[in-house]
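*Asks:* Submitted below is the structure of interest, expressed as structure tokens.
The values are calculated or read from the model by the stated rules, or taken from the named source; none is laboratory data. Bear in mind that the values here come from a model prediction, so they are computed numbers and not experimental data. Don't worry about glycine lacking a Cβ; one is built from the backbone with ideal geometry, like all the others, and counts go over all protein chains shown. To get the accessible areas, we keep the full protein, side chains included, count just its heavy atoms, and leave off ligands, DNA and RNA. Shrake-Rupley method; radii C 1.70, N 1.55, O 1.52, S 1.80 Å.
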Amino acid sequence: KSSKREWKPLEDHSCTDVPWLLLFILFCIGMGFICGFSIATGAAARLLSGYDSYGNICGQKNVKVEGIVNSGLDLTHKKYVFFLDPCNIDLVHQKIKSIALCVSACPRTELKTLADVQKFAETNGSTLCSYELQPTEYTTDPRAAKLCPKYPVPESAPIPFFHRCAPVNISCYAKFAEALITFVSDSSVLHRLISGVMTSKEIIMGLCLLSLVLSMILMVIIRYISRVLVWILTILVILGSLGGTGVLWWLYAKQRLSASALETQIAKDNLQALLIYAIAATVFTVILFLIMLIMRKRVALTIALFHVAGKVFIHLPLLVFQPFWTFFVLILFWTYWIAVLLFLGTTGSPVPNEEGFVEFQMAGPLKYMWWYHVVGLIWISEFILACQQMTVAGAVVTYYFTREKRNLPFTPILASVNRLVCYHLGTVAKGSFIITLVKIPRMILMYIHTQLKGKENACARCMLKACICCLWCLEKCLTYLNQNAYTATAINSTNFCTSAKDAFVILVENALRVAAINTVGDFMLFLGKVLIVCSTGLAGIMLLNYQRDYTIWVLPLIIVCLFAFLVAHCFLSIYEMVVDVLFLCFAIDTKYNDGSPGREFYMDKVLMEFVENSRKSMKEAGRGGGAEGRELKPM
């Protein structure tokens, strides 16, 4: 009897890692308890309605807080929170360092003096000074300098659903951003950057939509013309990088020779930004050409693999929409998580602080609930991403190991989701928990490194960075192994540890193929991302160039390029995932089948040709082996 365990693709289905599913359910119940606790303790009312510095919730009657003056007031008709100094922000404790009051209405016009504040109170019935001052005392009482708002009082409007008066002018937020960006010594630079983003917001939104359209078009191209896709991408990237670099140098030379190039500070900033962009684009183009020169002999191998992956998308068109539903579920969960976090921020009992105002603090073990909440953010987010990986793996496995493609389920994606929910949620929970165990220490080390920045010695700083880098590499390796473990689970319905071991053995036995196929394939998909980013960036340069005289376009262009890369990554990562699943299926197929009756191959003719091309290429490189030398025949 052979000691090898036989693989029976899609024949047996059984529940895997049930204890881990129960543990995950218990963890989610704990998350629900935190949500219920934060709502039951009144945090929801304080968050939505807002509260003043004395512990009163706006828009309702309140209970007296012992030892606090001005608490326990009836504020039924005062529904909005108003800050006397809304721009005084404490970055360390993430709060506004200002007295907060409940008012009847937000000042819709700028109030420049205390007389204007008094007139506003008499006209609108909204007192903007502390409760112990009457409107008639605003201009006569010496306490008004401390108990009334800092003037000029900016024009403000209530935030929808949260009843806070927020300044309408963005200058307040610019000052907040200045405190965050420590390397900006000249505040006028930041003001111009923010004004550039606000002026170009329509262009930014249009370019972001363009990147989404380009990603969809590229997915269609991959689906229908996969044989020539690699060469098309290669040529377009060469032309795009050369064209983008040439346009940048041309714009720089044109503006430098222009008579008005140095007349304004905005023009000088744009000229300097163009020079930096042109130099960076030139260096990037040279490096890109060198990489493509080194990998040119392996391009032919990738063409066949992309063709097979393209056939998968032809049979499984719903794969294209996987990023949408994953992103949608993540957005729903993150919205819930942020809402509960905000509830937790106002949960607790009222406690007087050193200034005589009220703060809400939790006592005992309950104050550590937010740690549990943070772990939940990481684990459940990884769980959602792992569900996408398992769904894609299950659909591609169904396609590969179905000999007659006419017998495929009507919707293999839904069939894969059904198998995931019925059998493999425990495996997904275990795999995502392992990633969480690695990610949490890395985030803690990154937080420590941020807090100790400038205080630790060089040795400690080097050790911290080394540990963070090692944990990052470990996380990436485990993520790749997890993805292949999910594929093995989808094939043979085994638990996570068994699937991970089987997948690891298969990958080690095919290490040269993994290096030759996945590396080149991932690089070509990276070129697709580069193409989308370059195209969007080039369009942004041409559009923003018309506003160069009155808008700084450094930040808008960076925002657009980052968004374009994220969109392209979301779409092409699905294609990359399909390629990896196909390769593992192919490796298992060649290991446990030999083409003889009863052990026929599942792969199609195109993949056979790919194997032959790979074998010839490896022989030419002097790396051919006996196992590669046998002829592979389709059934």
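*Asks:* Report yes if LEU26 is modelled with pLDDT of 90 or more, in contact with a Leu (Cβ under 8 Å, 6 or more places away or on another chain) and either open to solvent by 80 Å² or more (accessible area, probe 1.4 Å) or not assigned by the TED database to the domain that holds LEU133 (or both), otherwise no.
*Replies:* In short, no.
*Asks:* Can you tell me which residues in region 146-160 are over 14 Å from GLN118 (Cβ atoms) and assigned to a helix (DSSP H, G or I)?
*Replies:* LYS146 - this is the single residue of region 146-160 that is over 14 Å from GLN118 (Cβ atoms) and assigned to a helix (DSSP H, G or I).
*Asks:* Of all residues in region 604-624, count the ones that are surrounded by 21 or more Cβ atoms within 10 Å (Cβ to Cβ) and either aliphatic (A, V, I, L, M) or modelled with pLDDT of 70 or more (or both).
*Replies:* Counting residues in region 604-624 that are surrounded by 21 or more Cβ atoms within 10 Å (Cβ to Cβ) and either aliphatic (A, V, I, L, M) or modelled with pLDDT of 70 or more (or both) gives 1.
*Asks:* Continuing with this model, one more query. Filter region 348-359 down to residues that are modelled with pLDDT under 75 and closer than 13 Å to ARG46 by Cα, then give me how many there are.
*Replies:* Selection size over region 348-359: 1.
*Asks:* I'd like the full set of residues that are surrounded by fewer than 19 Cβ atoms within 10 Å (Cβ to Cβ) and hydrophobic (A, V, I, L, M, F, W, C), limited to region 402-430.
*Replies:* Of everything in region 402-430, those that are surrounded by fewer than 19 Cβ atoms within 10 Å (Cβ to Cβ) and hydrophobic (A, V, I, L, M, F, W, C) turn out to be LEU408, PHE410, LEU414, ALA415, VAL417, VAL421, CYS422.
*Asks:* Right, next: Hey, does region 563-573 have a residue that's farther than 27 Å from CYS477 by Cβ, open to solvent by 30 Å² or more (accessible area, probe 1.4 Å) and either assigned to a helix (DSSP H, G or I) or modelled with pLDDT under 80 (or both)?
*Replies:* Yes: one or more hits.
*Asks:* What tally of residues in region 261-293 results from selecting those that are surrounded by 12 or more Cβ atoms within 10 Å (Cβ to Cβ), at pLDDT below 75 and part of a helix (DSSP H, G or I)?
*Replies:* Count: 8.
*Asks:* Whether any residue in region 344-361 is buried (at least 18 other Cβ atoms within 10 Å of the Cβ), part of a helix (DSSP H, G or I) and touching a helix residue (DSSP H, G or I) at 6+ places or on another chain (Cβ under 7 Å) is what I want to check.
*Replies:* Checked against the condition, which is being buried (at least 18 other Cβ atoms within 10 Å of the Cβ), part of a helix (DSSP H, G or I) and touching a helix residue (DSSP H, G or I) at 6+ places or on another chain (Cβ under 7 Å), region 344-361 yields at least one hit.
*Asks:* While we're looking at this one, here's another question. Which residue out of PHE321, PHE306 is open to solvent by 60 Å² or more (accessible area, probe 1.4 Å), under 30 Å from ALA395 (Cβ atoms) and either modelled with pLDDT under 85 or among the hydroxyl-bearing types (Ser, Thr, Tyr) (or both)?
*Replies:* So the residue among PHE321, PHE306 that is open to solvent by 60 Å² or more (accessible area, probe 1.4 Å), under 30 Å from ALA395 (Cβ atoms) and either modelled with pLDDT under 85 or among the hydroxyl-bearing types (Ser, Thr, Tyr) (or both) is PHE321.
*Asks:* Got a number for residues in region 43-79 being modelled with pLDDT of 85 or more, closer than 15 Å to THR347 by Cβ and either open to solvent by less than 10 Å² (accessible area, probe 1.4 Å) or part of a helix (DSSP H, G or I) (or both)?
*Replies:* 0
*Asks:* Then there is this: Which of (1) closer than 13 Å to THR16 by Cβ; (2) assigned to a helix (DSSP H, G or I) is the odd one out, the single condition THR479 does not satisfy?
*Replies:* Against the list (1) closer than 13 Å to THR16 by Cβ; (2) assigned to a helix (DSSP H, G or I), THR479 comes up short only on (1).
*Asks:* Please tell me if VAL560 is modelled with pLDDT of 75 or more and more than 26 Å from MET292 (Cβ to Cβ).
*Replies:* It is false that VAL560 is modelled with pLDDT of 75 or more and more than 26 Å from MET292 (Cβ to Cβ).
*Asks:* Across region 482-508, what is the number of residues that are open to solvent by 10 Å² or more (accessible area, probe 1.4 Å), farther than 24 Å from ALA415 by Cα and of a type in the set (A, V, I, L, M)?
*Replies:* 3
*Asks:* Which one of the conditions (1) within 24 Å of the chain's Cα centre (by Cα); (2) closer than 27 Å to ASP12 by Cβ does GLY394 fail to meet, given that it meets all the rest?
*Replies:* Against the list (1) within 24 Å of the chain's Cα centre (by Cα); (2) closer than 27 Å to ASP12 by Cβ, GLY394 comes up short only on (1).
*Asks:* Could you figure out which of (1) assigned to a helix (DSSP H, G or I); (2) open to solvent by 20 Å² or more (accessible area, probe 1.4 Å); (3) at pLDDT below 70 isn't true of LEU239?
*Replies:* The one condition LEU239 does not meet is (3).
*Asks:* Mind telling me which of the residues ILE378, ILE338 ends up being closer than 27 Å to LEU23 by Cβ, at pLDDT 75 or above and either outside the structural domain of PRO412 (by the TED database) or in contact with a helix residue (DSSP H, G or I) (Cβ under 7 Å, 6 or more places away or on another chain) (or both)?
*Replies:* Details: ILE338 fails: either outside the structural domain of PRO412 (by the TED database) or in contact with a helix residue (DSSP H, G or I) (Cβ under 7 Å, 6 or more places away or on another chain) (or both).
Going through ILE378, ILE338 in turn, the sole match is ILE378.
*Asks:* Hey, among ILE506, ILE532, which residue is modelled with pLDDT of 80 or more and within 22 Å of the chain's Cα centre (by Cα)?
*Replies:* ILE532
*Asks:* Return only the number of the condition from (1) modelled with pLDDT of 80 or more; (2) under 20 Å from VAL578 (Cα atoms) that LEU330 does not satisfy.
*Replies:* (2)
*Asks:* Return the residues of region 431-466 that are surrounded by 16 or more Cβ atoms within 10 Å (Cβ to Cβ) and farther than 15 Å from ILE378 by Cβ; say none if nothing qualifies.
*Replies:* The answer is HIS449, LEU464.
*Asks:* What number of residues in region 102-119 are closer than 19 Å to VAL168 by Cβ and either open to solvent by 50 Å² or more (accessible area, probe 1.4 Å) or among the hydrophobic types (A, V, I, L, M, F, W, C) (or both)?
*Replies:* 10
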